[in-house]
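Reading through the structure tokens given below for one structure.
The values are calculated or read from the model by the stated rules, or taken from the named source; none is laboratory data. This one's a predicted model, so the numbers in the text were calculated from it and none came from an experiment. For accessibility, only protein heavy atoms count, side chains too; no ligands or nucleic acids. Shrake-Rupley method; radii C 1.70, N 1.55, O 1.52, S 1.80 Å.
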Amino acid sequence: MQLTFDAEVEGFRAEFVAFLESNLPSAEEATERPRSSAHIPEWSRRWQRLLFDAGWLLPGKPPEFGGRNASLLQEFVFQEELAKRGIYHSYNPQGLGIVAASLLTFGTEEQKQRWAVPILKAEITASVGMSEPGAGSDLAGLRTRAVLEGDHFVVNGQKVWTSGAHDADIILAFVRTDPDAPKHKGISVIVIPTDTPGVTRRPFGSFVGADDLDFNEVFFDDVRVPAENLIGKLNDGWRIANGSLAHERTMMWLNFASWLAGLVRDFPQGGELDDQRYATMCMDLQALRLLGSESLARAARGEEDVAAVSVLKLLGSEAIQTGAEAALTASGGDGLSPDHTGPDYHMDQDDFSTSRFDRYAWSFGATIAGGTSEIQRTIIAERVLGLPRG
């Protein structure tokens, strides 16, 4: 399948390319690198604000939210041009793609202006408080409590894997507000400023290294949060969670395709077995692009296919992991070298061009974030194959 676009879409692409060629920060400007997924260097804050003001931050949104009411196909070519140039959309991806998007969908006008717009303008950053010890990807199993006392919620509990929390200004927290309701129906969502008394953030290292500080444990000890920080309706958090993850998964396959294309480009020379693994990566990349293009065409026609998104998420994330492992194996001992193994795109995440080992280690996040592979397989089994629930 080959996607073609009409003159209007290609004109939109040309306008965006011209904007990039005139305004993209130079490598000299971008010397300060992000410390976490909620730390935006000053040069990148200026860049994100410029995108917002010009309507190129979230093209599908109206101008007051950094867009220009673009169509789905126009949004696609926008993402495509970013990927071609190794431009990471925002160094606060959860803030932009989940928190701000959720606030724009479910928040009040006051909440949009108070939190969403400052996130979009890179004036503040945000992280997402979903996972908990013992619950993992089972959001319905969360135990962090929020009790309404007068005009405040009192929050107690713990989150974990909270990316960038130590650098974030706010956390979009999923909490249990009705312990007697069925697990999926007693959840609410509140915005918690990270400087609120009783909030403790503890960053910890990852598989990549002890100095890779993005993940956090977050503790809430009698944290008092104004009731006006509730997003949506009380006990309606499950619907918001599904909407939040839907925002994160939108066109995620294109990001996977770009990542996989980088692994194909940088694959080391090897023997016959390595050549076979390389060929598998190339076929996976082609399959991902074809299936993604087909899904995009259906979406452009207004056809919703949740299961297709799960297929793309599963294929893309696992192809990245398999490909990164193959590249590490083919490079032997050199795979542990700290040297970068791909071109230096100063607007991209450094993780996508670092050592073979680091690129492999980072690939595990792709099979977890946005819904684990196990969750995607369950969705496919039930909604595609029609298998009975276990």
(message) Give me a comma-separated list of calculated 3J(HN,Hα) values for the range 126-134, in order, Karplus coefficients 6.51, -1.76, 1.60 applied at θ = phi - 60°, integers in Hz, x for any Gly or Pro.
(response) 9, 10, 10, x, 10, 5, 9, x, x
(request) Could you estimate the translational diffusion coefficient of the range 102-172 from the Stokes-Einstein equation, with Rh from the Kirkwood formula over C-alpha pairs, at 4 °C and 1.567 mPa s, in whole µm²/s? (result) 94
(request) Ignoring everything but the protein chains, give the 1.4 Å probe accessible area of R114 in square angstrom, nearest 10. (result) 90
(request) First compute the accessible area of the range 128-219 with a 1.4 Å probe, then give the percent of it belonging to carbon and sulfur atoms. (result) 52
(message) Taking θ = phi - 60°, what integer Hz values does the Karplus form 6.51 cos²θ - 1.76 cosθ + 1.60 yield along the range 22-37, in sequence order, with x for Gly and Pro?
(response) 8, 10, 4, x, 7, 4, 5, 6, 9, 6, 6, 9, x, 8, 7, 7
(message) What does the extension gain come out to for A27 and A297, with contour length at 0.36 nm per residue minus their alpha carbon separation?
(response) 93.6 nm
(request) Could you look at the range 1-127 and say what percent of its accessible area is carbon and sulfur, using a 1.4 Å probe and all protein chains? (result) 50
(request) Check the straight Cα-Cα distances from K233 and name the aspartates and glutamates below 20 Å, setting aside those fewer than 8 residues away within the same chain. (result) E109, E110, E149, D151, D178, D180
(message) Please list, ordered by chain and number, the residues whose modelled amide H lies under 5 Å from the amide H of D214; skip anything fewer than 5 residues away on the same chain.
(response) F204
(request) State the volume of the convex hull built on the alpha-carbon positions of the range 144-190, expressed per residue in Å³ and rounded to an integer. (result) 88
(message) Semi-axes of the equivalent ellipsoid for the range 81-204, please: Cα gyration tensor eigenvalues, times 5, square-rooted, ordered largest first, whole Å.
(response) 26, 17, 15
(message) How compact is the range 193-288 by the rule of thumb for globular proteins, expressed as Cα Rg over 2.2 N^0.38 Å?
(response) 1.73
(message) I'd like to know how the range 1-135 sits against the 2.2 N^0.38 Å rule of thumb: what's its Cα Rg over that expected value?
(response) 1.12
(message) Could you tell me how far the Cα centroid of the range 312-368 sits from the Cα centroid of the range 54-118, in Å?
(response) 27
(request) Give the whole-number value, in cubic angstrom per residue, of the convex hull volume spanned by the C-alpha atoms of the chain. (result) 150
(message) Tell me the mean residue ellipticity at 222 nm calculated for the chain from its helices only (DSSP H runs of n ≥ 4, each -39500 (n - 2.57), averaged over every residue, nearest 500).
(response) -13000 deg cm²/dmol
(request) Given a cut-off of 30 Å, name the pairs among K112/K183; K159/K185; K84/K159 whose C-alpha atoms lie farther apart than that in the structure shown. (result) K84/K159
(message) Keeping every protein chain present and rolling a 1.4 Å probe, give me the accessible area per residue for the range 150-281 in Å².
(response) 46
(message) Taking θ = phi - 60°, what integer Hz values does the Karplus form 6.51 cos²θ - 1.76 cosθ + 1.60 yield along the range 84-90, in sequence order, with x for Gly and Pro?
(response) 4, 9, x, 9, 6, 4, 8
(message) Under 5 Å between amide hydrogens, which residues at least 5 positions from N235 or on another chain qualify, with H placed 1.01 Å from N in the peptide plane?
(response) S188, V189
(request) Please tell me the relative contact order of the range 194-326 in percent, rounded to the nearest whole number, where contacts are Cα pairs under 8 Å and at least six residues apart. (result) 21
(request) Only Cα pairs under 8 Å and at least 6 apart count here; give the relative contact order of the chain as a rounded whole percent. (result) 14
